[in-house]
Amino acid sequence: MLSGKVSQSGGGVGRNVADALGKLDVDTFLISAIGTDDLGGSILKTVPHLTGNGLLRCDKYPTATCYVICDASGECKILIGDMEIHDKISVHYVKKHEEKILSSSLVVLDGNLPQDTIFYLLDMCGEAGVPVWFEPTDIVKATKAFSAGRKHFPQFISPNYNELVEISNVVNPGFSPPSNEIPWLFTCTEQAKLLVENVDNVLVTLGKLGVVIFRRGEVTDPFFVVQDSGKPKYLKRNSPISHSIHPQEKILEGEVVNASGAGDCFASGFIAAMLTGADENECVRLGFQCSLASLRCKKTVPDKFAQKSIGEKD
């Protein structure tokens with residue numbers, strides 16, 4: 001028997017993002033499915049700060065569970081999950097929350113949803129002009145929001161490099177990646193630039209190296225503008241495609257406790273800043289701040305973030 005330490009916390013990409021956004025004072029409504037078991041009750045207790053309740057309780061399925069096996073440095077190495085209950089987040093169930101969805105400034109989807117539900121949401125939001133952020137979740141589920149020839153795509157995606165390759169193969173099936181002798185960043189750049197033809201903003205997360213952002217716009221351009229009503233409005237741009245590299249702040253190896261929620265917390269910080277009308281640099285700064293807080297915490301999402309206000313420098 002191998003010795004190790006075991007801990008339990010609320011998880012799931014969508015839940016993590018919703019939890020973190022709520023703690024960053026973003027009005028957030030979570031739509032998902034949980035069981036009537038003890039784990040389902042535990043999940044409810046992790047999100048009391050969210051607006052309303054879009055959680056479907058199912059007595060025939062256990063609450064989704066994922067076992068994350070990490071190495072001594074806190075890096076995730078193996079994932080084992082029971083996710084069957086996610087199939088209950090059907091088009092029929094999502095339609096019950098259509099009014100809430102269409103009144104949103106941004107809809108965040110993860111790859112755990114059934115593909116027909118994802119496509120339905122993309123089409124509904126696309127027709128209504130509601131921007132969508134897609135979290136690929138893992139390499140197997142990364143392509144769920146994509147199909148060659150589709151009319152509606154997410155406005156934001158945040159894949160890692162391997163997920164980017166899988167998505168590119170679906171959206172641009174004729175693309176031939178350069179040989180392995182060419183630096184991977186060049187490969188990443190070529191694939192992401194092709195994706196920006198369909199997806200406005202591609203954020204390629206690179207772990208401890210940071211993030212590369214491909215978009216139509218510059219680092220000083222905001223993604224949203226806050227209207228007189230106080231509601232953020234997405235700014236769709238037709239400017240040339242640009243890319244920017246944002247290195248991650250170095251963290252000492254001994255400081256990393258758990259890396260399983262860092263990516264979700266980065267996305268949450270980025271989104272929270274983005275919805276205030278912040279520019280790219282500010283969004284990345286808050287994203288990194290939230291990511292580092294998660295890395296230093298046993299839970300996927302810390303109980304609170306020591307959030308610097310938008311515009312305040314480190």
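We did not get these values from a lab; they are worked out from the coordinates using the rules stated. Note that the structure is a prediction, hence the values are computed from the model and not measured. Counting neighbours? That spans all protein chains shown, and the Cβs are built from the backbone with ideal geometry, glycine included.
Going by neighbour counts of Cβ atoms within 10 Å, the residues Met124, Met83, Met274, Met1 line up, fewest first, as Met1, Met83, Met124, Met274.
Exposure proxy shown here: for Ser242, Ser147, the number of other Cβ atoms within 10 Å sets the order, fewest to most, as Ser147, Ser242. Cysteines of the chain lacking any other cysteine Cβ under 4.7 Å from their own Cβ: Cys58, Cys66, Cys70, Cys76, Cys125, Cys188, Cys283, Cys297. Would you compute the Debye intensity of segment 80-224 from its alpha-carbon atoms alone, equal scatterers and no solvent, and pass along log10 I(q)/I(0) at q = 0.11, 0.12, 0.18, 0.19 Å⁻¹ to two decimals? For segment 80-224 at q = 0.11, 0.12, 0.18, 0.19 Å⁻¹, log10 I(q)/I(0) is -0.43, -0.51, -1.09, -1.19. Each Lys and Arg contributes +1 and each Asp and Glu -1, all at the Cβ; summed about the Cα centre of segment 185-296, the dipole is approximately 140 debye.
Please give the peptides 86-94, 152-160 ranked by average Cβ packing (other Cβ atoms within 10 Å per residue), highest first, as a rough proxy for protection. Don't skip to the answer; put the middle values down first.
Details: 86-94: 16.0, 152-160: 22.1.
In decreasing order of mean packing, 86-94, 152-160 become 152-160, 86-94.
Using alpha carbons only, the radius of gyration of segment 243-300 set against its Kirkwood radius gives Rg/Rh = 1.00. Per-residue Cβ neighbour counts within 10 Å put Lys60, Lys5 in the sequence Lys5, Lys60, beginning with the fewest.
Label sites at Ile251 and Glu218, each approximated as a point 7 angstrom past Cα along Cα to Cβ, lie 3.2 nm apart.
Here the extension length gained between Asn162 and Lys304 equals 48.0 nm, from 0.36 nm per residue of separation less the Cα-Cα distance. Distance distribution P(r), the chain, all Cα-Cα pairs, bin width 10 angstrom from 0: 6, 27, 37, 24, 6, 0, 0 percent. In segment 13-295, a dipole from Cβ-located charges (positive for Lys and Arg, negative for Asp and Glu) runs towards its positive end, and of Ser268, Tyr234, Met83 it is Tyr234 whose Cα lies farthest in that direction. Magnitude of the charge dipole for the chain, about its Cα centre and with charges confined to Cβ atoms of Lys, Arg (+1) and Asp, Glu (-1), is about 340 debye.
Output the relative contact order of the chain, whole-number percent, from Cα pairs under 8 angstrom with separation of 6+ residues. Could the numbers behind the result be given before it?
Details: 569 pairs, mean separation 47.9, N = 314.
Relative contact order comes out at 15 percent.
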